[in-house]
Each structure stands twice: as structure tokens, then as C-alpha cells.
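Structure first, commentary second.
The values are calculated or read from the model by the stated rules, or taken from the named source; none is laboratory data. Just so we're clear, the structure is a prediction, and the values are computed from it rather than from any experiment. No Cβ is skipped: glycine too gets one built from the backbone with ideal geometry, and neighbour counts run over all protein chains shown.
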Amino acid sequence: QNRPTQGQNNNQNRSTTAQGQSNNQNRSNTGQGQNNNQNRNNNFNNRNNFGGNQNRNKFNKKGKKGKQQTSNKPAVPPRKFRELPEVLEYTEGMNVADIAKKIHREPAEIIKKLFMLGVMVNQNQALDKDTIELLATDYGMEPQEKIQVDIADIDKFFEPEELNPDTLVSRPPVVTIMGHVDHGKTSLLDYLIGINVVSGEAGGITQHIRAYKIDKDGRSVTFVDTPGHEAFTEMRARGANVTDIAVLVVAADDGIMPQTEEAISHAKAADVPIVVALNKIDLEGVDANRVMTQLTEHQLTPSEWGGDVEVVPTSAITGQGMDDLLETLLTIAELNEYSANPDRNALGVCLESEQQGDRGVVAKLVVQNGTLRVGDIVVCGPTYGRVRAMSNTLTNEPMTEAGPSTPVSVMGLESPPGAGDRFHVLEDIGDAREIAATRADASSRQSLSGKTTAVSFEGFQAMLLDGRLGQTDEKVKLNVIIRADVKGSLEAIDKELTKFEHPEVEIKVLQRSVGGITLADVTLASASDAVILGFNVIPDEQARQLADERDVQIRRYEVIYKLADDIKAMIEGRLKPEERIVELGRALVKQVFSISRVGTIAGCYVAHGSIQRGCRIRVNRDGRTIGDYGLDSLRRIKEDVKEVPRGMECGIRLQGFNDVKQDDVLEAYRIEEVARTLD
């Protein structure tokens, strides 16, 4: 019989009794020789031959002639069972695949379990908090929410107010140019900065966001020109209030056009001063008074007519009124005292970004506070990087730093950020990388879920009750957009709204117009946290889809009193409730006990009424009140109780007060909140 030569594979597992000898077998080497007289058919050892990526261990069997043969069927390794964790640490928005990885289960198993629980999902669908906790409970795990903290947002939120006047300097105003297409807003800006950009744009219409800083008599103004007011509003929808003043360009020959009306609504929603540039004033036959009358009809009363809106006649061709326009903007800036601290880390907004060949990512940023320098570590939305180079947006000259209100082109980011993404300068590149990754992950989850958060009637009320609104002396605002079938309906709705005026709540109508609910309405509502009220009108398909995506609430009515009832309910829900004191009872301190690690316990006799858990206690001594404290514990015969009635004894411990004396009188009371109404 031929023996296998050296280097060949003997594909059989053999059982041999020859001491110390065994060819091409799976061996169990213990370092002290070889294990003889054993069955060496170890089917589960050394299954993987990494050189050939083949399973070399075969099951042995005998053929028809009694010869030993190998089976082509590989052995199936036993399935490893992994126990479920006791605690499921989750973040809201996790999808099925993420949870499956955490609890060592297949996604299909989780989808099936959720189906049995009445929840239909797919593998990549983001799950809300309630669904995740339901799943965890059904698996017998304790759900534990992990709060993801965005360091940059926390720094911004807890950023100390620049109250020290020594740290503040005056900064240039940031001015956004808005108006109807072909009314000359880009030509007007070209004249101001001394260049001609509009001729290079397709069709003479602005295609990209431009931002330039110009000087006049030692003072500066930063201009931002967007391709339509939608881009301006989209940035605001992402939290980027980049502008200080809005310039509304209106052609003197055309007057206010539909797109001008939308621009007015968007400028009002930004809650910034509005200056009207009455352009093309050099044309023959124009009637400036007609345009100013139209402005007044849109609640933009010119200062010449006793209002607060500056109207400046201009011509982008002859240059008429350009100096007056700049002077007006600078005067408004002085009155509003725009200021910033140039010595702090920079923060601001991305206007636009693109990938430029070998230059990499180029982002157009506006610094709103601090100073941005070459070498700074920046996190901007879901991306980050170190500033490799900067250049002037107007001249393209290199820059080493950019102060407040300065637009600048920046290179060095890992990927292009989105328009409206805020940027912050951080000290550590690791923090920037982590924040960017967290934001990118959150953005991905939001895209999968297809939802964003917007305002609703109920949500606005919940925010107020949670203390997220109304914490200042300012009025609580309800922003609304009104669409109606005819002008008479608009007038009727306006009349109803005037009935609900209240010193604590302001209904702010961002836009009112006749016609169906449009895409522009939803965009404005999304950016302004507004509710759309439709009277005998419906949204078009595009508006409906965008409203679903952004969770913008559209409320439709056919009867005027139902709309009025909704508005009334909303206002009443925003009124701060009245507080009423309800006296509960009195107790006399008979004895005082001091217990280490617990504090002072007052042994009391209830003389009137009752003492109830959760009440407040006024401490009276020698005929006067010496303090007012919360009730920490109420016990009777070593047991916590909810209430102790008149004639009974009890033990009382107060929150933050241990100086109780014998013969003190404790008065129990509670504060009730009574809802207020407009009636």
C-alpha cells in the first residue's frame, strides 16, 4: 500500500494504537508526549484550514466494500447561546439592527416579537422610547435610557452672557437681501460692493448664497444674498438666525408681487428690522406712493407716514440712494448696539459648502461671535476639521483670522456641512470628532424615521407646562399662518382673533392670504414653529408631503366658531394658573427628638384639621412665623402615613430646618393651581 509522501494531506482521521506514531491526524498535544490508545476522531477540533479555507475534518464512514471513506458533509458547530443582558441601555431613535446587536439576537426575531406586541417595524426603522421600553420589558430586561450629550450645544446653551462691557466691541450688522425675482436685489448688491456677479449667473438669477463685507467711512456692513427667501428660511429652520436686518427690495414699477408678499412674511417671522429699498426709482412713470400704500396694507408703514419702516428710493443703475441705504443700515445698527466678544472661541453659521477638486471641502462661514483663526479645531453640524486655510469671500485673498460678522471661506473640514449648520471652535480634536459622529448618527436616524419635530397646539402647551416657555417677562407667542378661501373669510378670522387679546399671550400672524396651503407656507411654518390654519382650503400634495416629513401641523376648518374655539383654548392653556392657598390644619410640638444622620423629629399633636403628606409647613413661635418649609416625612407609630387627622399624634420632619422647639405651632397648607379662563 502506498503511503502519503511528505507534504501531502492525509484526509482521514485514523485511530491508531502505535505508541508515539500518528500520521496526518488531529492530535491533542499536551507538551508531555502524545496521548495514545484514544479515539482521535475529534470532529470539532481544528476545523478551519486557513490556507485553503476548507474544512479538513470529515466524518468517517465505511463504503460498500468495507473501505473507509470520507463524508462530504461538514460538521455543524453547536450554536452558541448568549444570555440576554439584565439592562438594555438605549437611546431614543435606535433601530432594530442596533438593538439586535446589543442583546445578541437576530433582527428577524425582534421584528417578530414586536409584531406579536402589535408593532409593525422594519430592520432600519427608528424606534421611539415607548416601543424600545416595551420590547425590553417583554424580554425581561430593565430599560435604561442613555442621554447623549452634545458638548458643543451644551457649551452654547450654558455660554455665559457677555455682560462685561470691557469684553464687548461693536460689530458690523449682518444684512440679508430679500425680494421678488428680477426686482434687482443682486444688481443692487453688486453696485454696493463694486463688482458684477449677476451677469455670470444662469439667467441673471442668483444661484448661490453670497456673503460680502464692505466698508464705508471706517464702518462695515456684511451683506448676505440668497437664491430666494426659501434658502433664508431653510437656514432659520435649522436654528441659524444669521441676519440682523432684512432689506426688502421692491421694484417701483411692479410694486408688491406674490413673491414679495412671501418675502415680507419670512422677514417678519425672523423678527428683525425691515428696510425697504424702493428700487428702479429712475424709471419714468413710477408711482412711489402706490408702492408705499401697498406696503402699509402689509403692515409695513413707512416712517414718512408715521410708521417704523424706513423706505429708501434706490437705483442699481444710476446709484441713486445707495449712500442713503448704507447710512440707514448703519444707523439701525447703532440703535440696536450689535456687539460681540472677539477674544472668545469663534461660533457662527455655515452659509454654503462645496467640494472643490484638490482644494477639498470649502465652506462659506459667517463668524457671529469670537474670532476664527487658521489652525482652529471646528465642529460644524455633522462634520469637523482643523482650519487649514481661510480666504476673503470678496477678493479671495488669504486670511489668518476672521472676527465677528465676517464672512470667510474655510478649508479643512472632513466633509461639506449643510447650509444653516452652526459651527463652534473646540480645544480638542477628539471632542470635535465625537460630536460630529454623534450628530451624523442622529441625522441618519432621523432620515430613516422620516420625521422631524415641529410645533403643535398640544406640544406648545406641553412646553409651557414643562417650563420650557414663558420663563421670561416676555409674552408667550403663538405663531400662526392663515389661509382662507376668500378675503371675506380672512377678515372674519382677523375679527375673531382680536377678541382674544391678552397681556400674557400674543398671537402672531406670520402670513394671511387667500388660496390653498402651499409648500412655501409649510417651509415658513417649519422655520418659525407656526401652526397653519386653513379655512375652507386644502394643502396641495407637495405641501402635504413636506408637512408630514417635518411634522408641521395643518388644522383645517369649515366653521368659523370652531377655529375661534381652538384659538381660545390655546390662549387659556397658556395663561399662568392662579395660585390659591388651602389651609389644612395645625399641630402643636409636644417633644423634640434629635436622631443622628436623620435630623430633628418633632413629636406633634394635631389640634385642628389634618396634616397631609406633600404639604408645606409654617413654623410659628411666640406668636410670629419664623419660617416656611416643605414636609420631608410624616410618620405615625414608626410607619409613613399619608395623613394624620385631628386628635392624633405624629412625627414630623421638615426639609432644611432642624431648629424646631417644644411648643412651636406648625400650620399645614397646600397651594392649589386654578386654571384661568377668558370668560
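Each residue in the range 79-110 was checked for being out of contact with any helix residue (DSSP H, G or I) (no Cβ under 7 Å at 6 or more places or on another chain), modelled with pLDDT of 85 or more and assigned to a loop (DSSP other than H, G, I, E, B), and 3 of them qualify. Residues being touching a Pro at 6+ places or on another chain (Cβ under 9 Å) and either surrounded by 13 or more Cβ atoms within 10 Å (Cβ to Cβ) or among the hydroxyl-bearing types (Ser, Thr, Tyr) (or both) are entirely absent from the range 614-632. Residue count for the range 600-618, restricted to those that are touching a residue at least 40 places away in the same chain (Cβ under 8 Å), outside any strand (DSSP E or B) and in contact with a Lys or Arg (Cβ under 6 Å, 6 or more places away or on another chain): 1. Summed over the range 667-679, the residues that are assigned to a loop (DSSP other than H, G, I, E, B) and of a type in the set (A, V, I, L, M) give a count of 2. Residues of the range 339-361 that are without any contact (Cβ under 8 Å) to a residue 40 or more places away in the chain and either among the hydrophobic types (A, V, I, L, M, F, W, C) or at positive phi (or both): GLY357 alone. In the set (1) touching a Gly at 6+ places or on another chain (Cβ under 6 Å); (2) within 25 Å of SER339 (Cα to Cα), the condition left unmet by VAL379 is number (1). Residue pairs whose Cβ atoms lie under 7 Å apart, sitting 6 or more positions apart in sequence or on different chains, and linking a residue in the range 412-436 that is within 16 Å of VAL366 (Cα to Cα) and assigned to a strand (DSSP E or B) to a partner that is of a type in the set (Asp, Glu) and modelled with pLDDT of 90 or more, are VAL425/ASP376. For the range 580-588, check the following and say yes or no: at least one residue is touching a residue at least 12 places away in the same chain (Cβ under 8 Å), in the same structural domain as ARG512 (by TED's automatic domain parsing) and among the acidic types (Asp, Glu). Checked the range 580-588: no residue is touching a residue at least 12 places away in the same chain (Cβ under 8 Å), in the same structural domain as ARG512 (by TED's automatic domain parsing) and among the acidic types (Asp, Glu).
For ARG597, the criteria (1) out of contact with any Phe, Trp or Tyr (no Cβ under 8 Å at 6 or more places or on another chain); (2) in a strand (DSSP E or B) hold in every case but one, which is (2). Assessment of the range 198-215 against the conditions (among the aliphatic types (A, V, I, L, M), touching a strand residue (DSSP E or B) at 6+ places or on another chain (Cβ under 8 Å) and modelled with pLDDT under 60) yields no matching residue. So which residues in the range 238-263 are at pLDDT 85 or above and not in a strand (DSSP E or B), if there are any at all? Scanning the range 238-263 gives THR243, ASP244, ALA252, ASP253, ASP254, GLY255, ILE256. Screening the range 285-402 for strands (runs of 3 or more DSSP E) wholly inside it with 1 or more residues that are buried (at least 22 other Cβ atoms within 10 Å of the Cβ), within 34 Å of the chain's Cα centre (by Cα) and not small (Gly, Ala, Ser) returns the ranges 347-356, 360-369, 377-380, 383-392. Is it the case, given these coordinates, that LYS590 is in a strand (DSSP E or B) and surrounded by fewer than 14 Cβ atoms within 10 Å (Cβ to Cβ)? Spelling it out, LYS590 is indeed in a strand (DSSP E or B) and surrounded by fewer than 14 Cβ atoms within 10 Å (Cβ to Cβ).
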